[in-house]
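Bear in mind these aren't lab numbers, they're just calculated from the coordinates by the rules spelled out. Being a predicted model, the structure only gives us computed values, none of them experimental. Because the Cβ atoms are built from the backbone with ideal geometry, glycine has one as well, and the counts that use them run over all protein chains shown.
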Amino acid sequence: MAVTTEKRTYSVDEFWELCHQTDKRLELIRGELRELTPTGWQHGVVVVNATRLLSNYVLTHRLGIVLGAETGVLLPIGEQDEGQTVRAADVAYVQRERLPQGALPARYADIVPDLVVEVTSPSDTYAMVAEKVNDWLRAGVRMVWVVDTSNRQVSVHRPGQPVRVFGEEDVLSGEDVLPGFACKVSELFAW
Amino acid sequence: MAVATEKRTYTVDEFWELCHQTDKRLELVRGELRELAPANEEHGYVTGQLFLVVTQFVKQRQLGFTFAAETGFVLSEEPATVRAPDFAYVSRDRAPERWSRHFARFVPDVVAEVISPSDTYGEVAQKVQDWLEAGVRVVWVVDPVARTVAVHRPGAAVRVYGEEDTLSGEDVLPGFACKVSEIFAR
């Protein structure tokens, strides 16, 4: 497995401690650390647009919560002798029914979002993005939107369905994951 | 659905006819035409290297057959999807008795796609998903810029191998192993 920053593996608890001793933004992928770099401005704008559009809709209809970038999700996808995985989506929506009663988790939670949005950076390779999407889907995420800032397209991934690609003039729908939600792809890039 | 060259849809037979009336390299994705640009120099070289390494192994052991880039495979009739991978391998068990002079209608065991700089994430992701849905057992996505191979298998985690890693044939091509750097080496 390539593109790791260090060779030793970490448990989720060790990872939590480590994250509080460093300024680095990290993910834990099958026990190994991955470093995340600060993103470019295009990425930043798209993340906020997606967060705002989804959050407005979800709050208005009281459907659940929208998680901001860098929220750690513990993914239930480890094979037997494999390390654990904590990923941070750019935006995630979790429907009310999946949330715990009472307070939200203070740490990383093993609550799998219903919708995940990943915004690509110019430095992202195909493999980096494919790995993320595959992890989210195997963990049980019902829909993943990959927003490609370089060509202003959104790829929609759903388990067992062909990948669909939408251009700027197309409408992105919440389908049965976020019923009633719709926005033009171009709205994600607006400023 | 975006990135189509034309709005009308085609059946596999209509697409076959069209391919013989044009010089364009085309794929058919859920009835819609996609135009393929001629590959760049590096893409052509890497595709050749991969073909050579796997073909040598397969021939020696008489495991099956390998296919060069641009061979059209029918992935589905309705909606009609005909894709041309950069490389394909089919084992003896899954291969037809004799070769047709039409698009291939069997499902390869291994498919490789070599990424071009103009390929978007969405295009590559669509291809990989289509191959896996059709029953391909392993898809290798070769990235000449990152010098990695991403290994996709149905229901399994994507694994990414760098230049110092070894690409294995796993249970699909038992015994096959090559260093990733070998695919990119001159």
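Please get the size of the charge dipole for the stretch A:39-189, origin at its Cα centre, with Cβ charges of +1 on Lys and Arg and -1 on Asp and Glu, quoted in debye to the nearest 20.
Roughly 440 debye, rounded to the nearest 20.
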If exposed means chymotrypsin sites (Phe, Trp or Tyr not before Pro) lying in a DSSP loop and surrounded by at most 15 other beta carbons within 10 Å, then the longest stretch of chain B lacking such sites spans residues B:1-98
Label point distance in nm, A:VAL48-A:LYS184, each placed 7 Å from Cα along Cα→Cβ | 2.1 nm
Which one of B:ARG159, B:ARG30, B:ARG83 has the biggest mean-square fluctuation once chain B is modelled by GNM with Cα springs under 10 Å?
-> B:ARG159
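Full extension from A:ASP170 to A:GLU35: what is 0.36 nm times the residue separation minus their Cα-Cα distance, to one decimal in nm? Provide the component values of the computation, followed by the final result.
Numbers: separation 135, 0.36 × 135 = 48.60 nm, distance 3.37 nm.
Net length gain for the segment: 45.2 nm.
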Mind checking which of B:ALA84, B:ALA112, B:ALA125 has the largest fluctuation in a GNM of chain B, springs on alpha carbons under 10 Å?
-> B:ALA125
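If a/c stays under 1.5 just call it rounded; otherwise compare a/b with b/c (prolate if a/b is bigger, oblate if not). Do that for the protein assembly as shown, with a ≥ b ≥ c from the square roots of the Cα gyration tensor eigenvalues.
Because a/c hits 1.5 or more and a/b fails to exceed b/c, the protein assembly as shown counts as oblate.
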Kindly express, to the nearest 10 degrees and within the range 0 to 90, the angle between helix B:121-134's C-alpha long axis and the longest C-alpha principal axis of chain B.
-> 90 degrees
At what distance in angstrom do the alpha carbon centres of the stretch B:86-158 and the stretch A:103-181 lie from each other?
-> 22 Å
Given backbone amide H placed at 1.01 Å from N, residues whose amide H is under 5 Å from that of A:ALA109, ignoring those fewer than 5 places away on the same chain, are A:LEU74
Of A:GLY31, A:GLY44, A:GLY160, which is the most mobile in a GNM of chain A whose springs link Cα atoms less than 10 angstrom apart?
-> A:GLY160
Which helices of chain A meet both criteria: a Cα extent of 24 Å or more along the helical axis and a mean Kyte-Doolittle score no lower than 0.0, with helices taken as whole DSSP H segments?
-> A:41-60
Mind checking the stretch A:87-177 for GluC sites (Glu not before Pro) that DSSP puts in a loop (not H, G, I, E or B) and that have at most 16 other Cβ atoms within 10 Å?
-> A:GLU168, A:GLU169, A:GLU175
Mind giving me the nanometre distance, one decimal, between the label points for A:VAL177 and A:GLN95, set 7 Å out from Cα along Cα→Cβ?
-> 1.2 nm
Show which lysines lie in cross-link reach of B:LYS7 when reach means a straight Cα distance below 21 angstrom and same-chain residues fewer than eight apart are skipped.
-> A:LYS184, B:LYS24, B:LYS127
Backbone N within the stretch B:132-151 under 18 Å of label point (7 Å from B:SER91 Cα along the Cβ vector) | B:132-140
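When the helices in chain A are scored as -39500 (n - 2.57) per DSSP H run of 4 or longer and the sum is shared across all residues, what 222 nm value do you end up with, to the nearest 500 deg cm²/dmol? Please list the in-between numbers first.
Working: 4 runs with 47 residues, N = 191.
Computed ellipticity for chain A at 222 nm equals -7500 deg cm²/dmol.
When the helices in chain B are scored as -39500 (n - 2.57) per DSSP H run of 4 or longer and the sum is shared across all residues, what 222 nm value do you end up with, to the nearest 500 deg cm²/dmol?
Working: 4 runs with 48 residues, N = 186.
Rounded to the nearest 500, it is -8000 deg cm²/dmol.
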Diffing the stretch B:58-64: the Karplus 3J(HN,Hα) column from phi (6.51, -1.76, 1.60, θ = phi - 60°), in whole Hz with x for Gly and Pro, holds 5, 5, 3, 9, 6, 7, x
What's the local net charge at B:VAL74, with K and R +1, D and E -1, over the other residues with C-beta under 12 Å away?
-> -3
